[in-house]
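> My structure is below; once you've seen it, I'll send some questions.
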Amino acid sequence: MNRLFLKLKKERDCTFPNKNGSGFCAFLFIAPSLIGVSIFVMIPFADVVRRSFYRGMGGEFSGLKNYISVLQNEAFRLAVLNTLRFVAVCIPVLMLLSLMLSVLLNLCRYGAEFFKTTMLIPMALPAASVVLLWKAVFHKNGLMNSLLLAVGGEAVDFMNTEMAFYILVVSYIWKNAGYDMVLWTASLSNISPSLYEAAAIDGAGFIRQFFLVTLPGLKQDFFIIGILSLINSFKVFREAYLVGGSYPHTSMYMLQHLFNNWFASLDIEKLCAGSVMTAAVIFVLVLMLKRVLGEE
């Protein structure tokens, strides 16, 4: 009996926080992830920060010379501008479009699950299949050029013009709209229907309900969905690389292309310095997003 009592007491102490409010069991639950992130992410990144102040693989301290060299690199400036432009265009359009789709889907009484599944299909497609679709449509001998020739136009190599950037934008939005739509749908389900009923009784139409009820109810979710969209925007490199290779058209030459080329040429000092600056910029963007959206 005493053993059973001690076992129950031990389980109770593990389930609830102690008198000091420090839940030891909560720490045990996150410990495996914390250890894994520390070993495979934090410690390697700390080594990258250290190497960014040294020359090559040797032990010669170079100070800020690596950072100055990266900032003076024309390819780095081009990649930064293209990446910032891509993020600035894609994230607002993606979040707005997916929110509209989610609101319309929430109004559907029939076929909502079918449309939700249909919107998620692009995420299940391998990157190689997406690239094959790109080439079938936008190649110089593809579908778009066939239509242009049929109406008396001239064939255009879309992937070697400024249109390549916008094709990349459309591909990213097409592939991630369903994912963000599901996130918005989950957020919309947390808004009480009584709020819409009260607004309707007061004479508010669909538009006013959207701005007075829906948007305020989604305020806390803007930050999380924005961050996830930002992270997914850096995964578009696979499609751009498979289409244009290591050196695509300048309009879609991203930071990922630059880092891949530096890694291939073993330009370690530039790679480390560029990675540190990129991580710092992303961190600043996250803080700015938190401040704009009022996230505590």
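> Does residue 113 qualify as being assigned to a helix (DSSP H, G or I), at negative phi and exposed (fewer than 12 other Cβ atoms within 10 Å of the Cβ)?
Numbers: assigned to a helix (DSSP H, G or I): yes; at negative phi: yes; exposed (fewer than 12 other Cβ atoms within 10 Å of the Cβ): yes.
Yes: the conditions hold for residue 113.
> Collect the residues in region 54-108 that are touching a residue at least 40 places away in the same chain (Cβ under 8 Å), part of a loop (DSSP other than H, G, I, E, B) and surrounded by 12 or more Cβ atoms within 10 Å (Cβ to Cβ), keeping them in residue-number order.
Listed by number, the residues that qualify are 55, 56, 62, 73.
> Between 269, 239, which is in contact with a helix residue (DSSP H, G or I) (Cβ under 8 Å, 6 or more places away or on another chain), more than 21 Å from residue 46 (Cα to Cα), assigned by TED's automatic domain parsing to the domain that holds residue 168 and of a type in the set (Asp, Glu)? Walk me through how you get there before you give the answer.
Working: 269 fails: more than 21 Å from residue 46 (Cα to Cα).
Only one candidate passes the filter, namely 239.
> Then there's this: Assess whether residue 180 counts as being surrounded by fewer than 19 Cβ atoms within 10 Å (Cβ to Cβ), over 30 Å from residue 67 (Cβ atoms) and among the charged types (D, E, K, R). Working first, answer last.
Numbers: surrounded by fewer than 19 Cβ atoms within 10 Å (Cβ to Cβ): no; over 30 Å from residue 67 (Cβ atoms): yes; among the charged types (D, E, K, R): yes.
Against the criterion (surrounded by fewer than 19 Cβ atoms within 10 Å (Cβ to Cβ), over 30 Å from residue 67 (Cβ atoms) and among the charged types (D, E, K, R)), residue 180 does not qualify.
> Oh, and also: Could you check region 180-251 for helices (runs of 4 or more DSSP H) lying wholly inside it with 2 or more residues that are more than 25 Å from residue 122 (Cβ to Cβ)? Break it down stepwise before answering.
Values: elements: 193-201, 206-209, 219-233, 237-244.
Of the helices (runs of 4 or more DSSP H) lying wholly inside region 180-251, those with at least 2 residues that are more than 25 Å from residue 122 (Cβ to Cβ) span 193-201, 206-209, 219-233.
The values are calculated or read from the model by the stated rules, or taken from the named source; none is laboratory data. Small disclaimer: the values here were computed from a predicted structure and weren't measured. Counting neighbours? That spans all protein chains shown, and the Cβs are built from the backbone with ideal geometry, glycine included.
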